[in-house]
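Worksheet: one structure, shown below.
The values are calculated or read from the model by the stated rules, or taken from the named source; none is laboratory data. These numbers were taken from a predicted model, which means no experiment stands behind them. Every residue, glycine among them, receives a Cβ derived from its backbone with ideal geometry; neighbour counts consider all protein chains shown. The area values use the complete protein model at the heavy-atom level, side chains included, leaving out ligands, DNA and RNA. Shrake-Rupley method; radii C 1.70, N 1.55, O 1.52, S 1.80 Å.
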Amino acid sequence: MYQGNVALWIKFANSLKLRMGLLIAGVNPTLAKSTVEAAAANVISSNTENAKLIYLGSMPNTNPIYAELVASKRHDFVVQILSSTA
């Protein structure tokens, strides 16, 4: 990702820091506020700065979920939890 562009890596790290600050707001508002303020000035601001992990179409760099569930021809089942509105 980012082909060695340190500035974009810093924006990515600050974006994660911002998210962590938002997640702890209900538990520790003071820490959340300082964390958000520290990160907010230098976060990802456009789609061109998104962090993308691009998988190739061949091994060994195929998407591991595709490899484990589709390419391996698995026939197992998983539980699906449905919420009820009633």
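The figures follow:
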{"quantity": "Ala38 versus Asn63: modelled label distance in nm, points set 7 Å from Cα along the beta carbon direction", "calculated": "3.5 nm"}
{"quantity": "Carbon and sulfur %, accessible surface of the chain computed with the full protein complex present, 1.4 Å", "calculated": "63 percent"}
{"quantity": "At 0.890 mPa s and 25 °C, Stokes diffusion of the chain via Kirkwood alpha-carbon radius, µm² per second", "calculated": "148 µm²/s"}
{"quantity": "Estimated dipole of the chain in Debye, rounded to 20 [Cβ of Lys and Arg +1, of Asp and Glu -1, Cα centre]", "calculated": "60 debye"}
{"quantity": "Per residue solvent-accessible surface (Å²) - the chain, probe of 1.4 Å", "calculated": "85 Å²"}
{"quantity": "Net lengthening on full extension, Arg74/Asn28 (0.36 nm per residue, minus Cα-Cα)", "calculated": "12.1 nm"}
{"quantity": "Reachable lysines, given that their alpha-carbon falls under 17 Å from the alpha-carbon of Lys52 and they are not under 8 places away in the same chain", "calculated": "Lys11"}
